[in-house]
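First comes the structure, then the notes that go with it.
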Amino acid sequence: MPLYRETKKRNLPLRRVIESLELDWNGEKVSFSVWESGVGTLGFLMIERDEYFDRDFLYGTPQGDYPDNGERFAFFSKAALETLRHLNFRPDVIHAHDWQAAIALALLKFVYSQDPFFAYTRTLFTIHNLAYQGLFEKDLLGRIGLPDTLFSMEDLEFYGKVNYLKAGILYSTAVSTVSRRYSQEIQTPEFGFRLDGLLRKRRDRLFGILNGVDYADWNPATDKFIIRPFDPTYLDGKKECKKDLLRSFSLDGVKEECPVVGMVSRLAGQKGFDIVCESLEEIFKMGAVLVVLGTGEEVFQKALRAAREKFPGSLGLKIAFDESLSHKIYAGSDMFLIPSRYEPCGLTQMYSLRYGTVPVVRATGGLDDTIQEHDPARGTGNGFRFQEYSSAALLSSLKKAITVHRQKEHWRQLVQRAMACDFSWEMSAREYLRLYQRLSTF
């Protein structure tokens, strides 16, 4: 990882393992240091070059991306490879994530291709969100040590720009995404962000593995942020959490039997807030209360603030990042709404399941992989889903959930099924290990 200013602020126990290592950079010798932080049996190496990483933000300010992002993350990629050589750590697999690390795979292919140190190294590239690709001007290639001939359609050229994400797709041994459904969706024009053709060419080496969640942090039986612990055998604590949540949003007058719908999200079109805003009045007519926590696009912040003024007893809103309040929402809501236009994986539905807060989701990406429609006849399913991206479809699915919520015993059984779901990293890690082992056969 880069040693960001944000990381330094956390005062982690760091040990310098390389004081000053030089690499050729833009025609000059440039040095960097490497620090190590250990957590249990894991070790994290952090590349220190303050010129690039000691900044207030990771990728850009609220006004836009840092203009030298292309150089910053190419430097990080090359420094990471040089660190491996210096420490004589010969990796079986280099696993790079998103455009910020993708250029390492181009460097391996075109700069280190004759280096015997990496002769047996395989590579995996994971796409977390295809919309973010890392687009830069043509002249960047020479500055970061890659041949100008790569500015072609077959390599890194992309509609007149250099595309870092494309490097990861083209030059890796295999590609993965963060859910099975998303790995299929990105091969279509609708979700492919103009890279669907390239991804279809690599479909025989394209895999989908769900992200996991850490149940040490997300566990209603031990959560330090909620007023009362609970588990599937003792759900009375969830009732207390619901009362506490309503107090937190000054909605004390809401009756106990009223369904509370929670949202913790980036306030963005991708997350479905256009159809949420269209649906608000009808949601409240159903007798539901909605609580929303997040920050994001100004148009949705304004729309939600206006709705809160119009429906003060039905809408709770906080425009902020608030970790404590997010836990209260997961624990105290009855349902959790995720109407995303697209969703590579999604973690909020996994958190809400753990807290017995039944998800109502649009069936896309990881939401489709993790949420099964409730079937009252068979006693199966862990939530409610809708297919069409529209206010009408959202309202229809939410209405089904509210109808079941009125059937107390039926609802309790659904809550217990939700809480029994296992989306831990234990499951995902096994799949990654199997994929790492397969890479040697490609």
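The values are calculated or read from the model by the stated rules, or taken from the named source; none is laboratory data. Everything numeric here is computed off the predicted structure, so don't read it as measured data. When we count neighbours, we look across all protein chains shown, and the Cβ atoms used for this are built from the backbone with ideal geometry, even at glycine.
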Hey, can you tell me all the residues within segment 280-311 that are assigned to a strand (DSSP E or B) and of a type in the set (A, V, I, L, M, F, W, C)? Val289, Leu290, Val291, Val292, Leu293
Condition met for Pro189 (touching a helix residue (DSSP H, G or I) at 6+ places or on another chain (Cβ under 6 Å) and surrounded by 15 or more Cβ atoms within 10 Å (Cβ to Cβ)): no
By residue number, the members of segment 362-392 that are crowded, with 24+ Cβ neighbours inside 10 Å, assigned to a loop (DSSP other than H, G, I, E, B) and aliphatic (A, V, I, L, M) are Ile371
Tally up the residues in segment 304-327 that are farther than 25 Å from Glu256 by Cβ and touching an Asp or Glu at 6+ places or on another chain (Cβ under 9 Å), please. 0
Just one listed residue, out of Leu398, Leu414, Leu394, Leu435, is farther than 25 Å from Met286 by Cβ, in contact with a strand residue (DSSP E or B) (Cβ under 7 Å, 6 or more places away or on another chain) and either among the aliphatic types (A, V, I, L, M) or outside the structural domain of Gly365 (by TED's automatic domain parsing) (or both), and it is Leu435
Take the residues in segment 412-438 that are in a helix (DSSP H, G or I) and in contact with an Asp or Glu (Cβ under 8 Å, 6 or more places away or on another chain), then tell me which one is farthest from Gly381 (Cα to Cα). Tyr436
The lone exception for Leu414 - which of (1) closer than 23 Å to Arg354 by Cβ; (2) surrounded by fewer than 20 Cβ atoms within 10 Å (Cβ to Cβ); (3) of a type outside the set (Ser, Thr, Tyr) it fails: (2)
I want to confirm something. Restricting to segment 127-162 and keeping residues that are more than 30 Å from Asn211 (Cα to Cα) and of a type in the set (Phe, Trp, Tyr), which single residue is surrounded by the most Cβ atoms within 10 Å (Cβ to Cβ)? Phe151
Could you tell me which residue of segment 236-253 is surrounded by the fewest Cβ atoms within 10 Å (Cβ to Cβ), considering only residues that are in a loop (DSSP other than H, G, I, E, B) and at pLDDT 95 or above? Ser250
If only one of Gly294, Gly316, Gly262, Gly272 is in contact with a strand residue (DSSP E or B) (Cβ under 8 Å, 6 or more places away or on another chain), in the same structural domain as Phe336 (by TED's automatic domain parsing) and without any contact (Cβ under 8 Å) to a residue 40 or more places away in the chain, which one is it? Gly294
